[in-house]
1. Tally up the residues in segment 99-109 that are of a type outside the set (K, R) and modelled with pLDDT under 95, please.
2. Which members of segment 149-165 meet the condition of being under 14 Å from H107 (Cβ atoms) and in a loop (DSSP other than H, G, I, E, B)?
3. Which condition number in (1) closer than 30 Å to V66 by Cβ; (2) assigned to a strand (DSSP E or B); (3) free of Cβ contacts under 8 Å to residues at least 60 places away in the same chain is the one that R146 fails?
4. Go through segment 139-150 and report how many residues are within 11 Å of the ligand (Cβ to nearest atom) and surrounded by fewer than 17 Cβ atoms within 10 Å (Cβ to Cβ).
5. How many residues does segment 17-35 contain that are of a type in the set (A, V, I, L, M) and either in contact with a strand residue (DSSP E or B) (Cβ under 7 Å, 6 or more places away or on another chain) or without any contact (Cβ under 8 Å) to a residue 12 or more places away in the chain (or both)?
6. Please note which helices (runs of 4 or more DSSP H) are completely contained in segment 172-252 and include at least 3 residues that are modelled with pLDDT of 85 or more, under 21 Å from A155 (Cβ atoms) and of a type in the set (V, I, T).
7. When the residues of segment 154-185 are narrowed to those that are near the ligand (Cβ under 6 Å from one of its atoms) and within 26 Å of E86 (Cα to Cα), which ends up surrounded by the most Cβ atoms within 10 Å (Cβ to Cβ)?
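The values are calculated or read from the model by the stated rules, or taken from the named source; none is laboratory data. Just so we're clear, the structure is a prediction, and the values are computed from it rather than from any experiment. Cβ: placed from backbone, ideal geometry, glycine included. Neighbour counts: every protein chain shown.
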Amino acid sequence: SDEALRNTEKLAVAGRLAATMAHEVNNPLEALGNLLFLVENSSSIDEARSFAQLATQELGRISEIVQQTLRFHRAPAKPDLTDLGELVTSAVALFRGKMLERHISEHVQARRTLAYCSAGEIRQALVNLIGNAIDAMPNGGQLFVRITQVTQRGAHYARITVADTGSGIRKEIRKNLFTQFFTTKGSRGTGLGLWLTRDIVHRNRGRLRYRSRTTSPSGTAFSIYLPSTAPLDLVQSPNLHTIDQRRVVGGD
Ligand code: ADP
């Protein structure tokens, strides 16, 4: 019935909401735990105060994530003409502290580029990809984020690529990458990032592809392809299917 269908949809949304929050809140929550531990064990009031200040910042991040998640799930996927340059810039900024800490240099090309998508969702997808890239470089490296315009068989796309010089993705785990809860990060991972990211990209009529190599020079590049013209033009384009069927994994 209609109502059963509506309830199923509500459950799907609730599940996605929970999954998003669990994934995004995990890192700052862990940081908060560490900082509180340090506060408890600090040797001076000054030291305790500086840890407490950092803890307050992490708390602010958690609250921001929760608010943003709620906002974007209340008004789901309203696509709009969006400047991807701005999205990239704001997503990268979230990780600046972590990158400094890890000696990761950033190379960002984020010129103003318009695409038709839901800004909140694509930003979330970018945050997931950048977070993974940084996780793959525990001992430093380079993060590249760039936007390029590509035309494939007559259809126009804005492509956002997030690339790292990390260890790469081993062949054995590639088939599981987009599976819910698949993670190689133990209790630090949720295995929800790529699953969510692909879902978000598809909901925005885009495609997600990646290339990765584990031999030197190793690294991984994920690309989000978004229609850079109005959606109606795309629906009428026969080329979309061709792109859909192309091999996703390259490299090695
Ligand atoms: P999580 O980050 O919580 O593990 P994801 O779904 O985002 O969940 O990623 C699943 C797995 O894919 C990761 O645990 C990791 O093994 C692999 N992965 C994703 N992105 C990269 C990357 N840029 N470099 C190397 N491995 C990656």
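1. Going through segment 99-109 one residue at a time, the tally reaches 3.
2. T165
3. Result: R146 passes all but (1).
4. 0
5. Number satisfying all stated conditions: 1.
6. Numbers: elements: 193-203, 231-235, 239-244.
Of the helices (runs of 4 or more DSSP H) lying wholly inside segment 172-252, none has at least 3 residues that are modelled with pLDDT of 85 or more, under 21 Å from A155 (Cβ atoms) and of a type in the set (V, I, T).
7. D164
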